[in-house]
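The values are calculated or read from the model by the stated rules, or taken from the named source; none is laboratory data. No experiment lies behind these values; they were computed from the predicted model shown. Here the Cβ positions follow ideal geometry from the backbone for every residue, glycine too, while neighbour counts run over all protein chains shown.
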Amino acid sequence: MKKNTIVMLGGFIIAGAIVFLLMAATPGSSGVELTMKELLATQEQHKDDFVTVEGLLMEDSIKWNPDKIELKFDVKNNEGQIMHVIHNGPKPDNFSEGVITILQGSPTKKDTFVAESVKTRCPSKYEGKDMKDYDPETHKEKLNQPPKEK
């Protein structure tokens with residue numbers, strides 16, 4: 001073979017490998033985002049998809065096995081539908097009742113989801129105080145105080 005042919009063939013192989021690695025490393029970009037109600041209704045259709053879904057954690061359902069690094073728990077939606085979740089990975093830090101869980105993975109058998117990633121967020125942590133308790137005078141006083149010396 002000519003030297004130019006070998007260089008071009010090598011370049012195509014390297015470019016193909018890079019494209020393959022990019023596609024394999026970013027499964028979330030080719031996934032589907034569904035509500036829990038939609039997922040439970042169409043679970044068979046999405047069994048081969050990478051799905052993002054969220055639900056409220058049911059704390060009394062948490063089963064953590066540190067030896068296997070396996071976490072099993074249930075989530076529910078506002079309509080009261082329940083989905084069982086299996087996650088082979090670490091337990092998130094703030095895993096408690098009322099936490100919204102964001103799950104990425106795929107549905108398996110009926111009402112069961114195998115999560116590759118589990119993230120949590122607590123909406124009350126980011127909400128402001130109730131405006132009915134707001135006192136504008138206290139706000140003015142705090143604004144007019146000199147900064148504290150270090």
- Message: Take LEU57 and tell me if it is surrounded by 12 or more Cβ atoms within 10 Å (Cβ to Cβ), part of a helix (DSSP H, G or I) and either modelled with pLDDT of 85 or more or hydrophobic (A, V, I, L, M, F, W, C) (or both).
- Response: no
- Scan the range 39-56 for residues that are under 16 Å from THR112 (Cβ atoms), touching a residue at least 24 places away in the same chain (Cβ under 8 Å) and either out of contact with any helix residue (DSSP H, G or I) (no Cβ under 8 Å at 6 or more places or on another chain) or not assigned by TED's automatic domain parsing to the domain that holds SER96 (or both) and jot them down. LEU39, LEU40, GLN43, LYS47, ASP48, ASP49
- Message: I'd like to know if the range 5-20 contains one or more residues that are surrounded by fewer than 10 Cβ atoms within 10 Å (Cβ to Cβ), within 19 Å of the chain's Cα centre (by Cα), without any contact (Cβ under 8 Å) to a residue 40 or more places away in the chain and not in a strand (DSSP E or B).
- Response: no
- Does LYS47 satisfy being of a type outside the set (Phe, Trp, Tyr), outside any strand (DSSP E or B), touching a Ser or Thr at 6+ places or on another chain (Cβ under 8 Å) and within 15 Å of ASP111 (Cα to Cα)? yes
